[in-house]
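Engineer: Below: one structure in structure tokens.
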Amino acid sequence: MDQREQAITFAHQNKDRFLKELIDLTRIPSVSTNPENAADMMKTAEWLTDELRKRGCKNVQIMPTAKHPVVYAEWLNARAEKPTVLIYGHYDVQPEDPVDLWRSGAFEPTIEGNYLVARGASDMKGQIIAVLKAIESIQAVGEFPVNIKFILEGEEEIGSPNLESFIRQNKDLLKCDFALNPDSGMIAPEIPTIVYGLRGLAYLEIRIFGQKGDLHSGLYGGVVENPANVLCQLIAGMKDSDHKVTLPGFYDRVRPLSEQERSEFTRLPLDENFYLKGTGASKLVGEKGYSWCERATARPTLDVNGLYSGYIGEGSKTVLPSYAMAKVSMRLVPDQDPEEIRQSMAKYIEMNLPDSMRYELIVHAGNPASITDINTPYVKALASALETVWGTRPVYKREGGSIPVVGHMKEILDASSVLTGFGLPSDNIHAPNEHLDLSVWYKGIDSLIHFFYNL
């Protein structure tokens, strides 16, 4: 039996202990958005540093930021020609609300059949433990085959406000050949998945101002421009009848799909029925000329996330509001630039805003899209590992959402990210009764063992 097989055997023999340690970690309510959980955030960071020291890591640190700390560690004992992998993760979780919809306490982990039910079980404490236990299994039977560094943050669930500056300040410390990010997931339990692309984000708040105060709609309706009406007209004009965004220059830098990507997309089970079932919608809509999967993952979008103006309480109040606001998010694809998209929105508003109105445009978030070449040796090492464990070739997909750290690592460290993970769409992340499919999780540990050896 070679070392790889011995490591797999070790993982199988210790799976109950691995699960117990994950349960211990999910008991800690590391909710980053709540000030009252600050001590729990530090307790989680300390739990992870203890585990990393057990893995023989050196230079293990809890490094402060303006809010929650980053856990850093390194193991650099492999030969110099071996690659250095920067392993990313986040140890913070979402709040448990609404509390009354949990079958058991969010931080009282419960085994239900083949599932572990707990906040953070899938997103993403389970994924962190899978990596750590793959490493432990390899170390139990021999030397670890590559160099590794860890960056485990505590602010992902609140938008990672301090991560970009942390990476810039520690650029030399974090130097690596590529990053392993297990914060994605699989399409289905039987379909191993590699996420190679993430959309970026431009999140803007549009404020339209008219007269100096609210006015009586009976006295002044018909002679004074209504900011709410103007905002609705602006929003309505942001897309045409084919659901194409009309902002000037919006599509100028959109990178088209390659033939290889289009071919891989045909293997994805993301058809009309998939999206109808997942959303509960009665009908799908989207940009003309593209498949449902392309629209949801590889094309840019524009959506209103919130609207406010005038009186929105119960009953009626007849006013002409002086102010109207909309929050608008645009998911971006390679090679769109968030700042150029902001400028495009500003130009659109200025072209269409009545001269009786003024506007403000506030930027809440701006991150570029990211994409990894699926032909790199690092992605191939993961693909081979997944195929070994699942017995089928993995699918390659782009994700419709955003993970800002992937773009930051590419820009600042010149490091592409290999994205994996063993959560499922049905795991209820961010919702009551979040859970982890343990059969998939154990396979995930096996595949990570193969991945590290493949490198």
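Engineer: For region 400-425, give me each residue that is surrounded by 20 or more Cβ atoms within 10 Å (Cβ to Cβ), within 12 Å of the chain's Cα centre (by Cα) and farther than 25 Å from Ile449 by Cβ.
Structural biologist: The answer is Ser402, Pro404, Gly407.
Engineer: A further question on this structure: Out of (1) over 19 Å from the mean Cα position of the chain (by Cα); (2) modelled with pLDDT under 95, the odd one out for Ser447 is which?
Structural biologist: Condition (2) is where Ser447 drops out.
Engineer: What are the residue pairs meeting all of these: first residue in region 88-117, first residue free of Cβ contacts under 8 Å to residues at least 40 places away in the same chain, second residue exposed (fewer than 13 other Cβ atoms within 10 Å of the Cβ), Cβ atoms under 7 Å, and 6 or more apart or on different chains?
Structural biologist: So the pair list comes out as Thr110/Ser104.
Engineer: Restricting to region 288-321, and then to whatever is among the hydroxyl-bearing types (Ser, Thr, Tyr) and within 21 Å of the chain's Cα centre (by Cα), can you tell me which residue is modelled with the highest pLDDT?
Structural biologist: If we filter region 288-321 for residues that are among the hydroxyl-bearing types (Ser, Thr, Tyr), which is where we start, we get 290-291, 297, 301, 308-309, 311, 316, 318.
Still in the list and also within 21 Å of the chain's Cα centre (by Cα): 297, 301.
Values: Thr297: 93, Thr301: 97.
Out of the qualifying residues, it is Thr301.
Engineer: Please determine whether any residue of region 315-326 is of a type in the set (D, E, K, R) and either within 23 Å of Ile341 (Cα to Cα) or part of a strand (DSSP E or B) (or both). Write out each step before concluding.
Structural biologist: In the first step, residues of region 315-326 are kept if they are of a type in the set (D, E, K, R); the result is 317.
Retained after the next criterion (residues that are either within 23 Å of Ile341 (Cα to Cα) or part of a strand (DSSP E or B) (or both)): none.
Among the residues of region 315-326, not one is of a type in the set (D, E, K, R) and either within 23 Å of Ile341 (Cα to Cα) or part of a strand (DSSP E or B) (or both), which makes the answer no.
Engineer: Looking at Glu51, Glu74, can you tell me which residue is surrounded by 15 or more Cβ atoms within 10 Å (Cβ to Cβ), in contact with a strand residue (DSSP E or B) (Cβ under 6 Å, 6 or more places away or on another chain) and charged (D, E, K, R)? If you could, list the steps in order and put the result at the bottom.
Structural biologist: Working: Glu51 fails: in contact with a strand residue (DSSP E or B) (Cβ under 6 Å, 6 or more places away or on another chain).
Just a single option satisfies the conditions, and that option is Glu74.
Engineer: A follow-up question, please. Taking region 279-299 only, how many residues are in a helix (DSSP H, G or I) and farther than 18 Å from Lys397 by Cα?
Structural biologist: Step one: of region 279-299, the residues in a helix (DSSP H, G or I) are 279, 292-297.
If we keep only those that are farther than 18 Å from Lys397 by Cα too, we end up with 279.
Going through region 279-299 one residue at a time, the tally reaches 1.
For (1) of a type outside the set (Gly, Ala, Ser); (2) under 11 Å from Gly185 (Cβ atoms); (3) out of contact with any Ser or Thr (no Cβ under 9 Å at 6 or more places or on another chain); (4) part of a helix (DSSP H, G or I), each residue gets a yes or a no:
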| site | (1), (2), (3), (4) |
| --- | --- |
| Arg398 | yes, no, no, no |
| Ala431 | no, no, yes, no |
| Ile445 | yes, no, no, yes |
| Leu448 | yes, no, no, yes |
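Engineer: Which one is surrounded by the fewest Cβ atoms within 10 Å (Cβ to Cβ) among residues in region 365-399 that are within 22 Å of Val146 (Cα to Cα) and hydroxyl-bearing (Ser, Thr, Tyr)?
Structural biologist: Here is the first cut: in region 365-399, the ones within 22 Å of Val146 (Cα to Cα) are 372-389.
Filter once more, so that each one left must be hydroxyl-bearing (Ser, Thr, Tyr): 372, 376, 378, 384, 388.
Working: Thr372: 23, Thr376: 14, Tyr378: 21, Ser384: 16, Thr388: 17.
If we take residues in region 365-399 being within 22 Å of Val146 (Cα to Cα) and hydroxyl-bearing (Ser, Thr, Tyr), then Thr376 is surrounded by the fewest Cβ atoms within 10 Å (Cβ to Cβ).
Engineer: As an exercise: evaluate Ile362 against (1) surrounded by fewer than 23 Cβ atoms within 10 Å (Cβ to Cβ); (2) assigned by TED's automatic domain parsing to the domain that holds Pro95 and give the number of the one condition it does not meet.
Structural biologist: For Ile362, the exception is condition (2).
Engineer: Within region 147-161, identify whether any single residue is farther than 18 Å from Thr26 by Cα, acidic (Asp, Glu) and out of contact with any helix residue (DSSP H, G or I) (no Cβ under 7 Å at 6 or more places or on another chain), and answer yes or no.
Structural biologist: So the first thing to find is which residues in region 147-161 are farther than 18 Å from Thr26 by Cα, and the list is 147-151, 158-161.
Pick out the ones that are also acidic (Asp, Glu) and you get none.
The answer is no, given that none of the residues of region 147-161 is farther than 18 Å from Thr26 by Cα, acidic (Asp, Glu) and out of contact with any helix residue (DSSP H, G or I) (no Cβ under 7 Å at 6 or more places or on another chain).
Engineer: What is the residue count in region 13-37 for residues that are assigned to a helix (DSSP H, G or I) and either touching a residue at least 24 places away in the same chain (Cβ under 8 Å) or surrounded by 18 or more Cβ atoms within 10 Å (Cβ to Cβ) (or both)? Break it down stepwise before answering.
Structural biologist: Pass one, region 13-37, residues assigned to a helix (DSSP H, G or I): 13, 15-26, 35-37.
Now restrict to residues that are either touching a residue at least 24 places away in the same chain (Cβ under 8 Å) or surrounded by 18 or more Cβ atoms within 10 Å (Cβ to Cβ) (or both): 15, 18-19, 21-23, 25-26, 37.
Total meeting the criteria: 9.
Engineer: Just one of (1) closer than 27 Å to Trp292 by Cα; (2) among the charged types (D, E, K, R); (3) not in a helix (DSSP H, G or I) trips up Asp355, so point out which.
Structural biologist: (1)
Engineer: Continuing with this model, one more query. Being in a loop (DSSP other than H, G, I, E, B), under 26 Å from the mean Cα position of the chain (by Cα) and not assigned by TED's automatic domain parsing to the domain that holds Ser356: is that true of Leu276 here?
Structural biologist: On the way: in a loop (DSSP other than H, G, I, E, B): no; under 26 Å from the mean Cα position of the chain (by Cα): yes; not assigned by TED's automatic domain parsing to the domain that holds Ser356: yes.
Judged against the criteria, Leu276 is not a match.
Engineer: Still on this structure, I have one more. Return a yes/no flag: does region 236-254 have any residue that is loosely packed, with under 13 Cβ neighbours inside 10 Å and modelled with pLDDT under 95.
Structural biologist: Within region 236-254 (the criterion being loosely packed, with under 13 Cβ neighbours inside 10 Å and modelled with pLDDT under 95), the answer is no, since none of the residues qualifies.
The values are calculated or read from the model by the stated rules, or taken from the named source; none is laboratory data. These figures come from a predicted structure and were not determined experimentally. When we count neighbours, we look across all protein chains shown, and the Cβ atoms used for this are built from the backbone with ideal geometry, even at glycine.
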